[in-house]
Amino acid sequence: MLALPPTLSVTREDAVAIVRLSRPDKRNALDDATVLGLERFFATLDETIRAVVLHGEGAHFCAGLDLGEVTGEADLFRGIQHSQMWHRAFHAIQFGRVPVFAVLHGAVVGGGFELAAACHVRIAESSAYFALPEGQRGIFLGGGGAMRLPRLIGVPLVQDLMLTGRTLSAEEAVRARAAQYLVEPGTGLAKALDLARKAASNAPMTNFAVLHALPHIAEANPSSGLFTESLMAAIAETTPEAQARLRAFLEKRAAKITHDGGG
Ligand code: 1HE
């Protein structure tokens with residue numbers, strides 16, 4: 001078993017691992033041990049895990065950076081390294097091997113919002129509220145949020161949240177594309193598990209392309225992006241798994257698309 005700090009707990013449902021931020025007495029504030037634990041978990045995922053659900057214990061997803069760990073003697077170099085440690089951990093989530101589904105409830109603030117932004121699919125319970133209170137604390141984003149959040153919700157909204165300290169409701173967050181799903185309180189985990197199981201049943205090469213090639217293509221200049229897409233398409237469709245899945249559909253052995261009303 002992988003050694004993780006007591007602030008993280010992991011359970012499994014078949015091919016889906018459920019990672020829980022387990023520090024409810026501190027509203028799941030992220031101390032160094034937890035951030036390093038997240039990095040270790042995502043960088044050394046068991047081969048049989050094909051999707052991850054991330055959620056928080058107690059009434060809140062995550063209160064952000066553990067503010068107790070940044071007080072004391074100011075040290076510029078340590079400050080840079082601290083931020084880079086968060087970058088490594090969140091990079092391991094965003095550019096890991098498997099898709100990550102975040103269940104958001106209560107406070108999703110500061111570094112908690114940055115953590116959510118590193119996941120691939122965000123499910124907001126209606127209790128969730130989003131904020132970037134760094135201005136009030138006299139600090140700045142440090143967990144990759146300055147890079148990821150504008151891509152998610154745009155520079156003007158990030159600036160608005162950081163300058164005013166206001167919160168976004170779950171509904172507003174979905175409208176602003178900070179989350180893709182809005183669900184009733186207490187139902188986020190079940191929803192995330194359902195979605196994660198679907199993703200886990202995809203061909204691993206397609207999931208790999210979605211996680212690694214798609215963001216790369218989206219950021220590339222159009223001609224490089226289109227060429228990379230062609231390469232990725234050819235790589236995926238020539239895998240034995242793709243060939244078997246395509247034959248299964250043509251021979252009427254595979255499920256058709258069904259539409260259940262969405263959401
Ligand atoms: C904490 C933290 C924390 C709570 N670091 N200890 N994040 C913030 O600025 C958010 C600060 N937290 C809050 O505004 C509130 O705690 C909440 C709205 C999230 C929840 O309120 P509530 O009433 O449920 O809890 P509480 O009584 O405020 O907190 C319970 C305990 O958790 C308390 O400690 P206790 O020893 O007095 O019981 C709090 O001090 C502690 N706690 N949040 C440390 N964040 C990579 S850069 C990222 C930059 C940021 O993340 S900036 C945003 C930081």
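The values are calculated or read from the model by the stated rules, or taken from the named source; none is laboratory data. For clarity, every value in this text was computed on a predicted model and none was experimentally measured. In this analysis, Cβ positions are derived from the backbone assuming ideal geometry, glycine residues included, and neighbour counts consider all displayed protein chains. Keep in mind that these areas ignore ligands, DNA and RNA; they rest on the heavy atoms of the full protein, side chains included. Shrake-Rupley method; radii C 1.70, N 1.55, O 1.52, S 1.80 Å.
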**Asked** Based on the Kirkwood radius over alpha-carbon pairs, what value in µm²/s does the Stokes-Einstein equation return for the translational diffusion coefficient of segment 1-138 at 25 °C and 0.890 mPa s?
**Response** 162
**Asked** On a 0 to 90 degree scale, rounded to 10, what angle separates helix 222-237 from the longest Cα axis of the chain?
**Response** 60
**Fill in**
Which of 89, 220, 192 fluctuates most in a GNM of the chain (C-alpha springs under 10 Å)? That residue is 220
**Item:** Residues with amide H under 5 Å from that of residue 65, placed H, sequence gap 5 or more
**Value:** 30, 111, 112
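Once you compute Rg and the Kirkwood Rh from C-alpha atoms, what is the Rg to Rh ratio for segment 58-209? Intermediate values should be presented prior to the final figure.
Working: Rg = 15.8 Å, Rh = 16.1 Å.
Rg/Rh: 0.98.
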**Request:** Would you grab the residues whose amide H sits under 5 Å from the one on residue 18? Only those 5+ places off in sequence or on another chain, please, with H modelled 1.01 Å from N.
**Result:** 11, 12, 13, 53
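As a test of the formula, what do you get for the chain when each DSSP H run with n ≥ 4 contributes -39,500 (n - 2.57) and the sum is divided by the residue count, at 222 nm and rounded to the nearest 500 deg cm²/dmol?
Values: 12 runs with 119 residues, N = 263.
My calculation for the chain gives -13000 deg cm²/dmol from helical runs alone.
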**From phi via Karplus (6.51, -1.76, 1.60), per-residue ³J(HN,Hα) for segment 83-97 in Hz, x at Gly/Pro** = 4, 5, 5, 4, 4, 4, 5, 6, 5, 4, 6, 5, 10, x, 8
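In whole percent, how big is the carbon plus sulfur part of the accessible area of the chain, probe 1.4 Å, protein atoms only?
Numbers: 8260 of 14140 Å².
So the carbon and sulfur contribution to the accessible surface is 58 percent.
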**Request:** Taking only protein heavy atoms into account and a 1.4 Å probe, give the accessible area per residue of segment 149-263 in Å².
**Result:** 67
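Considering only DSSP beta bridges with both partners in segment 51-189, what is the antiparallel share in %, to the nearest 5? Numbers along the way, then the final one.
Values: 2 of 16 bridges.
In segment 51-189, DSSP labels about 10 percent of beta bridges as antiparallel.
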**Prompt:** Rounded to a whole number of µm²/s, how large is the Stokes-Einstein D of the chain at 10 °C and 1.306 mPa s, given Rh as the Kirkwood radius over C-alpha pairs?
**Reply:** 82
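Do you know the Lys pair count in the chain for C-alpha distances under 27 Å, with sequence separation 8 or more or different chains? Could you put the intermediate results ahead of the total?
Working: 26/191; 191/256; 198/252; 198/256.
Final tally of qualifying lysine pairs is 4.
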**Item:** Exposed chymotrypsin sites (Phe, Trp or Tyr not before Pro) absent: longest stretch of the chain, with sites in DSSP loops and at most 16 other Cβ within 10 Å deemed exposed
**Value:** 141-263
**Complete:** For segment 179-263 the GluC sites (Glu not before Pro) that pass both the DSSP coil test and the at-most-14 other-Cβ-within-10 Å test are 251
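Which of the GluC sites (Glu not before Pro) across segment 6-103 are loop residues per DSSP, with 13 or fewer other Cβ within 10 Å? Numbers along the way, then the final one.
Details: sites: 13, 39, 47, 57, 69, 73; in loops: 47, 57, 73.
Passing sites in segment 6-103 are 47, 73.
Using the Cα atoms of segment 107-192 to build a convex hull, what is its mean projected area in square nanometres?
So the Cα hull casts an average projection of 4.9 nm².
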**Complete:** With Cα springs under 10 Å, the Gaussian network model of the chain assigns the largest mean-square fluctuation among 37, 79, 106 to 79
**Message:** Over segment 30-93, with the other protein chains present, what is the accessible area per residue in square angstrom, probe 1.4 angstrom?
**Reply:** 51
**Request:** Two decimals is fine: what is log10 I(q)/I(0) at q = 0.09, 0.10, 0.11, 0.22 Å⁻¹ for segment 119-260, from a Debye sum with one equal scatterer on every Cα and no solvent?
**Result:** -0.43, -0.52, -0.62, -1.30
**Item:** GNM result for the chain, Cα springs below 10 Å: residue of 48, 167, 34 fluctuating most strongly
**Value:** 48
